[in-house]
Amino acid sequence: MAEEYLTDDEQLEAVKQFLKENGAWIAGGVLLALAIIFGSRFYRDHTNQEGMAASTLFGAATTALEANDRTKSRTLADTIIKDHSGTPYADQARLLLARLDVDEGKSLNAVAPLTQVMSDSKDSELRNVARLRLARIQVDQGKPDEALKTLADPIPQGFATPYREVRGDAYAAKKDTAAAVTEYQAALASADPGGIVASVLGLKIQDLGGSPGPAMKMKTVSTDSQPKAKP
């Protein structure tokens with residue numbers, strides 16, 4: 001290369017000339033890189049601090065609820081939504097507020113926060129929980145068709161039992177006994193055979209004149225030496 005034939009002084013002079021012509025661009029690039037690095041660190045630290053603050057508030061809100069201090073629990077949940085809306089705890093706070101509204105007989109007030117979580121939350125688990133709770137409210141409000149629409153397929157993994165139970169409730173409210181029994185039987189097939197939910201589902205099926213079905217029998221008829229049949 002041509003630079004190999006330059007003397008030391010000539011090379012130094014070439015470097016000076018290059019810096020003179022391009023120094024501003026180089027400095028600007030360095031400053032931009034530093035701004036990105038420190039900006040990302042600041043954002044990460046700020047996000048972590050905000051998440052910790054929201055977590056502390058949500059813990060206090062649930063503790064207040066357990067102590068039956070509903071006013072304090074509601075106030076803390078409102079604070080999380082207002083001051084820490086960018087954290088996942090804001091969605092959990094909305095679910096908490098909806099629970100308070102339902103417990104206080106104000107289920108209509110619970111529709112808005114549940115709908116927001118169902119539609120906007122980045123957490124799929126929270127979205128699915130909100131869908132389920134909203135559908136229950138819709139059934140209670142005499143809106144079974146809306147509940148069925150809310151819980152339309154596909155049913156998310158891990159929610160088969162509660163989703164199908166509420167769908168069964170919706171069909172029962174519509175006086176569609178056959179569809180209700182089918183949903184209850186499907187819910188029973190995925191429920192813990194020894195749990196309270198299974199017992200409740202069995203009663204709902206019997207109340208409609210149906211039978212728990214093969215899934216229930218397969219789960220309840222077993223021996224210590226043989227594994228339980230899968231649904």
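The values are calculated or read from the model by the stated rules, or taken from the named source; none is laboratory data. Just so it is clear, the structure is predicted and the values come from calculations on it, not from any experiment. Please note: Cβ atoms are built from the backbone with ideal geometry, for glycine as well, and neighbour counts cover all protein chains shown. Ligands, DNA and RNA are excluded from the accessible area calculation, which covers all protein heavy atoms including side chains. Shrake-Rupley method; radii C 1.70, N 1.55, O 1.52, S 1.80 Å.
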Review point. Counting just the residues of the range 72-131 that are closer than 26 Å to A160 by Cα and of a type in the set (S, T, N, Q), which one comes out surrounded by the most Cβ atoms within 10 Å (Cβ to Cβ)?
Key: Q92
Practice item. Return a yes/no flag: does the range 155-171 have any residue that is at pLDDT 95 or above and over 24 Å from the mean Cα position of the chain (by Cα). Key: yes
**Study point:** Qualifying positions in the range 35-64 - modelled with pLDDT under 90, aliphatic (A, V, I, L, M) and open to solvent by less than 80 Å² (accessible area, probe 1.4 Å)
**Key:** A35, I37, A53, A54
Point to revise | The lone exception for A53 - which of (1) touching a residue at least 24 places away in the same chain (Cβ under 8 Å); (2) among the aliphatic types (A, V, I, L, M); (3) within 19 Å of L126 (Cβ to Cβ) it fails | key: (3)
Study note, to complete from the structure: Selection from the range 80-117 of residues closer than 19 Å to E50 by Cβ and in a loop (DSSP other than H, G, I, E, B) yields H84, S85, G86, T87, P88
